[in-house]
Amino acid sequence: MIKVAILGATGYTGEELIRLLSTHPETEIKMLVSHSTAGTPIDEIYGNFRNVCNLVCEELDIDKVASTCDVAFTALPHGASKEVIPALYKKGIKVIDLSGDFRYNDVKVYEQWYKDQHCAPELLKEKAYGLCELHREEIKKTNLIGNPGCYTTCSILGLAPLVASGKIDNKSIIIDAKSGVTGAGRGLGIDYHYSECDQNMKAYKIATHRHTSEIEQELSLLAKEDITLSFTPHLVPFKRGIYATCYANLKDKASYDELIKIYNEFYKDEHFIRVLQNGKIPQVKDVAGSNFVEIGLAVDERLNRVVVVSTIDNLVKGASGQAIQNMNLMFGLDEKTGLEAPGYYL
């Protein structure tokens, strides 16, 4: 059994890790770390874990994590992770970080977008970017994963086949994305109060959202040239889900059938990616609660533009489920293990 520690266990991504790992056939959760609730059993914090998991949350003890566990999921705030991870990594434990601290190939890009100095830039060369569908072989060989963001996972996977094929003008990419409220985490803030969110929708961090740089990094690798793009996130009144509508101008005329064939070929062996056929467009209900990605597209012949729609659950494929998919690859398991349940729908 793979022995697991979850750092930041009482946030939404930590809770989701516990939920998913509690039924994973190859794992045993050994430690739950939470400074704010140390000494409290997890089933008193989240009642859904009664008769499932009653581990008591603990203060962080690096030596205990390293001596007790094989892998640590660090679901800590940005900045906090980069102080903990070097210590864990030096102890030889596998680390899957769900913050933004180890997602970047270039430390200057991280520091520009996060407005903070990186304390372990040397580890950026050791990590793998944990988007399994694009970096599977690197993930298998590393002990450090920078788990991708939710907006980034949805947007990159939605656009990857087009960028890799060279069919679009890479200077024309626009991403209009929506997130459920859990994407903001469990911390308090007036923008996330029920009365503020319900019956409302609003854009935020226009032209400044950190995930822009992460999307650009990965699409640039596929394009073999630098890509800059326009990314606008929105907060919408549902709990789970990312819904990205991506626009790009086609270089030449291309039919729907031609483009959907490119997607079918690119993702033909990917269990968690469902390319919808015959012009069908995805909806959040079909993926919420699951590790699946759904992608559909349309061609605007009048403007010679392609519109791609992709959707994921921000807490599963956008965070904890993807982290487990990475863990499976790192330990030589079938990457679907523990993740094959369908979405909630209702």
Residue check: is Gly166 outside the structural domain of Tyr12 (by TED's automatic domain parsing) and more than 25 Å from Leu259 (Cβ to Cβ)?
no
Of the residues that make up the stretch 255-276, is at least one of a type outside the set (Phe, Trp, Tyr), more than 15 Å from Gly158 (Cα to Cα) and in contact with a Gly (Cβ under 9 Å, 6 or more places away or on another chain)?
no
Considering only residues of the stretch 1-47 that are polar (S, T, N, Q) and under 20 Å from Gly187 (Cα atoms), which is modelled with the lowest pLDDT?
Ser36
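So that you can scan it fast, the table gives a plain yes or no per residue for (1) assigned to a strand (DSSP E or B); (2) surrounded by fewer than 24 Cβ atoms within 10 Å (Cβ to Cβ); (3) in contact (Cβ under 8 Å) with a residue 40 or more places away in the chain:
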site: Ile260; (1), (2), (3): no, yes, no
site: Arg274; (1), (2), (3): yes, yes, no
site: Ser290; (1), (2), (3): no, yes, yes
site: Thr311; (1), (2), (3): yes, no, yes
site: Glu335; (1), (2), (3): no, yes, yes
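Listed here are the residues, each with its yes/no results for (1) of a type outside the set (S, T, N, Q); (2) in contact (Cβ under 8 Å) with a residue 40 or more places away in the chain; (3) not assigned by TED's automatic domain parsing to the domain that holds Thr10.
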{"residue": "Gly185", "(1), (2), (3)": "yes, yes, yes"}
{"residue": "Cys197", "(1), (2), (3)": "yes, yes, yes"}
{"residue": "Ala207", "(1), (2), (3)": "yes, no, yes"}
{"residue": "Phe231", "(1), (2), (3)": "yes, yes, yes"}
{"residue": "Leu235", "(1), (2), (3)": "yes, yes, yes"}
{"residue": "Cys246", "(1), (2), (3)": "yes, yes, yes"}
{"residue": "Ser255", "(1), (2), (3)": "no, yes, yes"}
Just the residues that are farther than 20 Å from Ser213 by Cα and crowded, with 23+ Cβ neighbours inside 10 Å, please, taken from the stretch 89-118.
Val95, Ile96
For Asn304, only one of the following conditions fails: (1) at pLDDT 95 or above; (2) surrounded by fewer than 19 Cβ atoms within 10 Å (Cβ to Cβ); (3) not assigned by TED's automatic domain parsing to the domain that holds Gly158. What is its number?
(3)
Taking the stretch 277-298 on its own, how many of its residues are touching a strand residue (DSSP E or B) at 6+ places or on another chain (Cβ under 7 Å) and over 19 Å from Ala177 (Cα atoms)?
1
Please go through (1) basic (Lys, Arg); (2) at pLDDT below 95; (3) surrounded by fewer than 13 Cβ atoms within 10 Å (Cβ to Cβ) for Lys224 and return the number of the only condition it doesn't satisfy.
(2)
Residue pairs, Cβ under 7 Å, 6 or more apart or interchain, first in the stretch 141-164 and among the polar types (S, T, N, Q), second in a loop (DSSP other than H, G, I, E, B). List them.
Thr142/Glu126; Thr142/Lys127; Asn147/Leu98; Asn147/Gly130; Thr153/Leu131
Only listed residue being among the hydrophobic types (A, V, I, L, M, F, W, C) and in contact with a Ser or Thr (Cβ under 6 Å, 6 or more places away or on another chain), chosen from Ile173, Ile190, Ile206
Ile206
Going by the structure shown, is Glu270 surrounded by fewer than 19 Cβ atoms within 10 Å (Cβ to Cβ), without any contact (Cβ under 8 Å) to a residue 24 or more places away in the chain and not in a strand (DSSP E or B)?
no
Would you point out the residue of the stretch 61-118, among those that are part of a loop (DSSP other than H, G, I, E, B) and hydrophobic (A, V, I, L, M, F, W, C), that is modelled with the highest pLDDT?
Cys69
Scope the stretch 99-124; condition aliphatic (A, V, I, L, M) and closer than 13 Å to Gly79 by Cα; matching residues
Ala120
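The values are calculated or read from the model by the stated rules, or taken from the named source; none is laboratory data. Computed from a predicted model, the values in this text were never measured in an experiment. Reconstructed Cβ throughout: ideal geometry from the backbone, glycine too, with neighbour counts over all protein chains shown.
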